[in-house]
Amino acid sequence: MIVRRFVVPVLAAILVAGACGGDPPPPPPPPPAGPDMDSLRAYQDSVRAAEEARRRAEAEAAARRAAEAERARAVAAARTTLEAMVFFDYDMSAIRDDAAALLRQKVAILRASPQVRLRIEGHADERGSTEYNLALGNRRAEAVRQFLTGFGLAENRFEIVSFGEGRPLQQGSNEASWARNRRGQFVITAGATAINPAQ
Amino acid sequence: MRGMTMYERLWCRLAVVACLAVAGSAAPASVGAQDQIPGVSLGLVYTGSYLPALAVQPFTGRFGGSGLAPQVETIVGDDLRYSDRFEIINDLPGGFVRDEVDYALWDRLGAVWLVTGTLEGAGDGYVLLLELHDVVYGEVRERGRFTVPDPSDADYRMSVHRASDEIVRWATGDPGMSASRIAFTMRGFRDTDSLTYNEVYLIDSDGENLVRLTDFEDALESPSWSPDGSKLAYSSWKSGYPRIYEMNVDTRVERMLPPVRGAGDYITPTYSPDGRTLAFSVLGSDSRSGIFTYDFDGDCCLAYLSGGPWYDLSPTYSPDGRWMAFNTLRFGDAVPQVMLMPAEGGQAETLSPYAYGNGGYFTSPDWSPLGDLVAFHGAIERGRYHILVADLADNGRVLRQLTSEGNNEDPSWAPDGRHLVFVGERNWGYGLFVVDVTTGRVRAILAGRRVGVPDWSPALLPR
C-alpha cells in the first residue's frame, strides 16, 4: 500500500517537470521498466501471502486453544462429575433416583476413560450404632459399586471403604446435616490425568 | 424400722420411674400398633431390691498416713456408692463420730455395714488396713491389708479401687467393678483438611484419670480389651482402609494383624475369654463377608464363622467361650438384629425380637461376664435409641429397657456383670454414662465430649 501511494505521485512530478523550460529537453527517462513493476507486484504478493499465512496460523492456533480450553473444561467437568457425591435415605443403602442419574453420568465418563479407577467411600449419619453405621457405610459403597459394574465396568476399577459415622461432612444434629452426611464419596485413585469426557 | 423406710423410699422412686416410662412411651403419636413387636414387652422394670445401709467412718492415719487418709476414704466411699449395692451414710455432722467403733450409734443411724480404715506410712508408700463391721451383730466381719503406692504412682487410685472391690466382695459375695477402666473413642478435628478423627482414650470406672492412648489423627473405632487387661484391639483407618491393630496399653507398642483376607473393611474386634482367639468382621471382601476368627497361638488359621452376601459384625463371646452373639444386617438395611450361634460357627438364631416386615432395630450386643444377660441397644421408636437387656433364661422375649432419656448406644458390661457403660446423647451433648442394671441408677462419668464405642475392661490386677 505504502509503495503504491509513494510511486504514483513521484512519476507524475517527473512528467510535469519535463514539459516546462526552453532548454533542450533531456532525453526522456526510460519508461518504468516492466520487470521492475513485476518484481514490485511479486514483492507485494509475497507480503500478502505471508500476511494471510500468519493470519491463518493465528486463527488455527486460536481455534486450537479454544478447542483445548473446551476440552479442558469438559475434562474438568467430567472430573467434577466423577467426584460428585451421591446421597442416601436414612438407614438405607438403596440407590435413590437422583443418585442413579448421577451414577449414569459417571458410567459414561468411566467408559470413555478406561484408565480411571475410583475409591468409593461409604458414610453414615450419626444416628444409630457406630458399628452398624460402619456396615451401613460399606453397604452404601457396595451398592454404588454394584450399580457401576452393572453397566459392564470392570469390578477391579473400584475399591470400597466405609467410614461409618466417623467422617461427617457437616457437623450438627439436625436433618439438614444428617442428609449431607449419608453419602457416597468418590476418590480417583488412578488415571486422573487420563480422564476423557463422555462420548 | 430404718430398713422399712429405705424399702418404701426405693419403691416410691421405682413407681416414679415407671410412671415416667409409661408417659414417655405413650407420648409419641407416631408409635402405632404396628410398631409394637408381638410377644415382647419393653419397660423400665427394676427389681425392688432392698439396699442395705453402709456407713464409712472417717479413716485415720498412722506413721505419716494421716495426710492422705481423707482422700483414700473419699475414693473408697465413692466406689462403694457407685457399686449401687448400698445406701451410703456419709453426711454426718462433724464431731459425731469417735475413733472407737460405737455399734449402738451406727445401729440407731440405720447402718447395716460399717467400714473403718487406717492408712499407715510404709516405706515409699502406704498400707491401708480395712475392716468391715456387721453393725447388727456388733462384730468385725472381714479385715484386710492393702498396699497403696504414693499418689504420684500411676497405680495409686487403682490400688485403692481394688481395696473397695474387696469390701464389696466381703459384704455381698459378688465381684466389684471399681478397679477397672473404660476404653472409648473421642473425636478430634484435623486442621489441615478439616476432617474429624478418633483417638482411643481411657478413663477409670469412677470417671477420674482420663488419658489419651493413641495419636494417629485418623479414623478409628471399636477399642476392645484383652481378657487380662493388658492390650486393646481396635480398627484403624491409618493405612487408608480399616485394619485390625493390637496395642499394649502400658508400652503402647502396636502391631497390625495380618490382613490375610485381602481387600475389605476389617472391623469390630473382640477377644475370646481365654485370650487365644480374636473374632472380628470383614465387610465388602472380594469373596465372603462376615465374622472371622484369628488364632493368636498359631498366628494363623483364620476361620470363617458366618456371613455371606449379608453382613455380620460386632461379635461378643459368652463368658465360657462356647457361644457368640453378633449383629447382622441379613434381614435388611434398617432392621439390624442380634443373633446367637456357637463360637465355632453354625446355626444362628435371633435373640432380638425380629418379626418379618416389622423387624425393629437392635445392634451392638455385649454378653455379660456373668453369662445371664446380653445387652444391646435398639430403636424403640424410629430414630430414638435406648439401652436394652435380654435375659437368656427366657430367650430374650422380655427386653428390659434401661434408659428413657435422649439417645443411648453401645452398652458394655462392667466386670461385675451388673453395670453397663454406654454413650448417651442429651440436649446438652454427648457423654459416657453408667447404669446399674439392678436399680436402674444412672450416672454420667464424662460429659460434653463426642465419645463413642466404650468398652469396659476386666478387673485390673496389680501389675
Give the distance, in whole Å, between the Cα centre of segment B:181-235 and the Cα centre of segment B:126-159.
32
Which order do peptides B:113-123, A:135-145, A:38-48 fall in by mean Cβ count within 10 Å, highest first?
A:135-145, B:113-123, A:38-48
Report, as a whole number in µm² per second, the diffusion coefficient that Stokes-Einstein gives for segment A:156-199 at 4 °C and 1.567 mPa s using the Kirkwood radius over alpha carbon pairs.
98
What ratio of Cα Rg to 2.2 N^0.38 Å holds for chain B?
1.04
Taking the dipole of chain B about the Cα centre (Lys, Arg +1; Asp, Glu -1; charges at Cβ), the one of B:Gly64, B:Tyr311, B:Gly360 that reaches farthest to the positive side is B:Gly360
Dipole in debye (nearest 20) - segment B:306-463, about Cα centre, beta carbon charges: Lys, Arg +1; Asp, Glu -1
440
Report the Stokes-Einstein translational diffusion coefficient (µm² s⁻¹, integer) for segment B:53-172, Rh taken as the Kirkwood radius over Cα pairs, at 37 °C with viscosity 0.692 mPa s.
228
Please give the peptides B:291-297, A:77-83 ranked by average Cβ packing (other Cβ atoms within 10 Å per residue), highest first, as a rough proxy for protection.
B:291-297, A:77-83
Neighbour-count order for B:Tyr304, B:Tyr361, fewest beta carbons within 10 angstrom listed first:
B:Tyr304, B:Tyr361
Quick one: net charge of B:Arg85's neighbours, Cβ under 12 Å, K/R +1, D/E -1?
-3
Kindly express, to the nearest 10 degrees and within the range 0 to 90, the angle between helix B:2-26's C-alpha long axis and the longest C-alpha principal axis of chain B.
30
How well do other chains shield peptide A:150-163, expressed as the mean number of their Cβ atoms within 10 Å of each residue Cβ?
3
Sort the following peptides by mean Cβ neighbour count (other Cβ atoms within 10 Å, averaged over residues), highest first: A:127-133, B:71-77, A:166-172.
A:127-133, B:71-77, A:166-172
With every atom except the alpha carbons ignored, what do you get for Rg and Dmax of segment A:70-194, in angstroms?
14.5, 47
Would you tell me the mean number of C-beta atoms belonging to other protein chains that fall within 10 Å of each C-beta in B:310-321, as a whole number?
2
Considering every residue in B:436-443, what mean count of other chain Cβ atoms within 10 Å of its Cβ is obtained?
0
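All of the numbers you see were taken from the coordinates with simple rules; none came from a lab. Computed from a prediction, not measured in an experiment: that's the story for all the values here. All Cβ positions, even for glycine, are placed from backbone atoms using ideal geometry, and neighbour counts span all protein chains on display.
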